[in-house]
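Chemist: Pasting in a structure now, in structure tokens, and then I'll have a few things to ask.
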Amino acid sequence: MVTILAMIFTAGLILSAMVGMAFFISSIREKEKRASIFGGIQLLGMIFLVIGFLSLYSIGVFNSGVGVFILAFLVSFGLVVAILFCRRTSPNEKALKGAKGYISGEVTRFDERDHVFARNRSLPENSEQYAEYYQKHPELKNIDSKRRAKGGPIGRPGAIDSPGGDANVAAILACLSMPHFLSTQDKYSPEPHMALKEKLAQKKVEISPQEATIRLKGYAKALGASLVGITKINPLWIYSHRAEIFNNNWEDWGKEINLNHTYAIVCAEEMNTDMVGSAPHTPTCIESMLNYSKGAYITTQLAGNIANLGYSATANHFRHYDALMVPMAADAGLGEVGRLGYLITKKYGPRVRLSMVTTDLELIEDKPVDIGVEDFCRICKKCAVCCPSKSISHEDMTVTNGLLRWKLDAQSCFEYWGKVGTDCNVCMNVCPWSHADTLPHQIIKTLITRNKLSRKLFNLMDDIFYGKKPRPKPPERWAQFGTWE
């Protein structure tokens, strides 16, 4: 009896020590100094426990009646703790319905003209559209004019690292060349390739929804998409009116958007942990623009693939969106919406950029997921604590435009972007879901997904191992800024 109990307890201790060792090694590789120190202390403690227990067992401490009782208690306690933290607790029924699960009233479609990006990038002060918009929204005129005077969406690019970040600014703007190059028209809804036009004019390619889904998902991943999901388009997430104007097609400003497509293929492109870890400095902006570029590359070809089957498709990326990307991605099963307003995926957290293709080709839709984000974000608040512009709410979710959600202050967030000359990404970096996709973090995310107690435990542990306000990390050497020695 004693031997069996001792073997069970030893196996548990050794398994814990192995996970601790994996975390320690992972932290060193991730260049997380604080986590490496605490991880090393934790590993030494676990090794000490294993050696101490085996030493006590070898000298017969557990052979007495009291010893057996203590050993049985330790094994029972360990099993109870394992069950409490590993069992699957009740699901979030709202999340399992996707974004529509959070509808708590009448929802009106969002007007792209009210988007802070669109107003800053698109509206020239001498245009009719400018006069018309600010006649209706006089409260925004002075705010937008002051911001617009500072430059583009990120003000003076790389201001936070100037002049040491000039080389990174060059890379940031270079990354934008792909979506710009692929957007010489207001949107990309391709015709079939000339070699197929005559054939497809007679008959579309007959392909089942199952086969089309497998082929197009595989094609998107082959092109570089990290995650791919499919959903039927909820009309509520479609912008009501056009505002993002890139090619002087001002006749489209304010035009009502009518989308006849039924399905959306939503792609997520992973952002590198080292580059995001530098937030709010210039390397994180390089990574953002790089992945917007990937999204343009992927969706342009994916739309072309569908067109070559004889169906209609439109690429949605950095230079053209017909819909709100985050709720579309949630409906497509890629993740949940977090406190910071980004999509949070299980594998990469909010460390992704989104792109999409809409189409009339019939596909098989994915189901929304419950990975515990709502409960976790309610406990965590690290993004709100660390936000430099205080744009993320510390309070609970509220109903805005008929949707239950955490409301981001887009104005103050965007003001900070203009100040530092990057897209900040501090909230993305500090989010506990953003840690590298290594074995220890995979185990933690699996437990968080399943269990409410684990969410509380690992929130606390994240503060201990990484700090309540993690500092920016140096990026890969090619993207470092400042003086090189």
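We did not get these values from a lab; they are worked out from the coordinates using the rules stated. What you see is a predicted model, and the numbers here were worked out from it, not measured in a lab. Virtual Cβ from ideal backbone geometry, glycine too; neighbours counted across all protein chains shown.
Chemist: Can you give me the Cα centroid spacing of the range 128-201 and the range 371-428 in angstrom?
Modeler: 23
Chemist: Would you mind checking the tilt of helix 209-223 against the longest principal axis of the Cα atoms of the chain, expressed as 0 to 90 degrees and rounded to 10?
Modeler: For helix 209-223, the angle is close to 80 degrees.
Chemist: In degrees from 0 to 90, rounded to the nearest 10, what is the angle of the helix 65-86 Cα long axis to the longest principal axis of the chain?
Modeler: Orientation of helix 65-86: about 10 degrees from the principal axis.
Chemist: Determine the dipole magnitude for the chain: charges of +1 sit on the beta-carbon of Lys and Arg, -1 on that of Asp and Glu, nothing else is charged, the reference point is the Cα centre, and the result goes in debye to the nearest 20.
Modeler: Around 1060 debye, computed over the chain.
Chemist: Same structure again: With label points built 7 Å along Cα→Cβ from the Cα atoms of LYS146 and ILE28, find their separation and express it in nm.
Modeler: Distance between the two pseudo-spin positions: 5.1 nm.
Chemist: Note down the net charge around ILE207, summing +1 for each Lys or Arg and -1 for each Asp or Glu among other residues with Cβ under 11 Å from its Cβ. Walk me through the intermediate numbers first.
Modeler: On the way: positive: LYS204, ARG215; negative: GLU206, GLU211, GLU362.
The answer is -1.
Chemist: Per DSSP H run of n ≥ 4, the term is -39500 (n - 2.57); total these for the chain, divide by its residue number, and report the mean residue ellipticity at 222 nm rounded to 500 deg cm²/dmol.
Modeler: -15000 deg cm²/dmol
Chemist: Here's another thing I want to ask about it. Based on the Cβ-Cβ distance of LYS381 and GLU93, what FRET efficiency does E = 1/(1 + (r/R0)^6) give at R0 = 30 Å, to the nearest 0.05? Walk me through the intermediate numbers first.
Modeler: Working: r = 24 Å, r/R0 = 0.78.
E(calc), rounded to 0.05, equals 0.80.
Chemist: With a Förster radius of 60 Å, plug the Cβ-Cβ distance of MET18 and ASP114 into 1/(1 + (r/R0)^6) and report the FRET value to the nearest 0.05.
Modeler: 0.70
Chemist: Give me, ordered by chain and number, the residues 5 or more places off ALA323 or on other chains with an amide H under 5 Å from its own placed amide H.
Modeler: Excluding prolines and chain starts, which carry no amide H, the hits are TYR239.
Chemist: Of LYS31/LYS452; LYS346/LYS456; LYS255/LYS407; LYS232/LYS367, which ones are farther than 22 Å apart at the Cα? Let's see the in-between values first.
Modeler: Details: LYS31/LYS452 29 Å; LYS346/LYS456 17 Å; LYS255/LYS407 27 Å; LYS232/LYS367 10 Å.
Exceeds cut-off: LYS31/LYS452; LYS255/LYS407.
Chemist: If I model a spin label as a point 7 Å beyond the Cα along the Cα-Cβ vector, how far apart are those points for SER76 and ILE47 in nm?
Modeler: Label at SER76, label at ILE47, 3.4 nm between them.
Chemist: Okay, moving on. Excluding same-chain residues fewer than 8 positions from LYS419, which aspartates and glutamates have a Cα within less than 17 Å of its Cα?
Modeler: ASP144, ASP161, ASP166, ASP409
Chemist: How far is the Cα center of the range 219-293 from the Cα center of the range 1-77, in Å?
Modeler: Cα centroid to Cα centroid, the span is 47 Å.
Chemist: Report the net charge of residues surrounding TYR466, where surrounding means a beta-carbon distance below 14 angstrom and charges are Lys +1, Arg +1, Asp -1, Glu -1.
Modeler: Taking every other residue near TYR466 into account, the sum is +4.
Chemist: If you stretched the chain out fully between GLN411 and PHE85, how much longer would it get, using 0.36 nm times the residue separation minus the C-alpha to C-alpha distance?
Modeler: 113.3 nm
Chemist: Taking Cβ-Cβ under 4.7 Å as the only way to count a partner, pick out the unpartnered cysteines of the chain.
Modeler: CYS86, CYS175, CYS267, CYS285, CYS377, CYS380, CYS386, CYS387, CYS413, CYS424, CYS431
Chemist: Is the C-alpha gyration tensor of the range 95-479 telling us rounded, prolate or oblate? Criteria: a/c under 1.5 is rounded; beyond that, a/b larger than b/c is prolate, otherwise oblate.
Modeler: Numbers: a/c = 1.45, a/b = 1.15, b/c = 1.26.
It comes out rounded by the Cα gyration axes.
Chemist: Under a straight-distance cross-link criterion of Cα-Cα below 20 Å, which aspartates and glutamates are reachable from LYS33, leaving out those fewer than 8 residues away in the same chain?
Modeler: Here the aspartates and glutamates satisfying the reach criterion relative to LYS33 are ASP274, ASP437, ASP462, ASP463, GLU476.
Chemist: Give the angle, between 0 and 90 degrees and rounded to the nearest 10, that separates the Cα long axis of helix 33-58 from the longest principal axis of the Cα atoms of the chain.
Modeler: 30
Chemist: To continue, here is another question. Only loop residues by DSSP count here, and only those with at most 15 other Cβ atoms within 10 Å; note down the GluC sites (Glu not before Pro) in the range 379-476 that meet that.
Modeler: Numbers: sites: GLU395, GLU415, GLU476; in loops: GLU395, GLU476.
Passing sites in the range 379-476 are GLU395, GLU476.
Chemist: With θ taken as phi - 60° and the coefficients 6.51, -1.76 and 1.60, list the Karplus ³J(HN,Hα) couplings across the range 103-112 in order, rounded to whole Hz; mark glycine and proline as x.
Modeler: Coupling constants for the range 103-112: 6, 10, x, 7, 9, 9, 4, 6, 7, 4 Hz.
Chemist: So, one more: Which is farthest toward the positive dipole end of the chain among THR89, GLY105, GLN129, measuring Cα position about the Cα centre, with Cβ charges +1 (Lys, Arg) and -1 (Asp, Glu)?
Modeler: In the chain, that residue is THR89.
Chemist: Assign unit charges at the C-beta atoms only (+1 for Lys and Arg, -1 for Asp and Glu), then state the dipole size of the range 329-424 relative to its Cα centre in Debye, rounded to the nearest 20.
Modeler: 600
Chemist: Starting from 0.36 nm per residue, how many nanometres of slack lie between GLU395 and TRP478 once their C-alpha separation is accounted for?
Modeler: Gain in length upon complete extension: 25.9 nm.
Chemist: For CYS431, what residues show an amide H to amide H distance below 5 Å, using hydrogens built from the backbone and excluding near sequence neighbours?
Modeler: none
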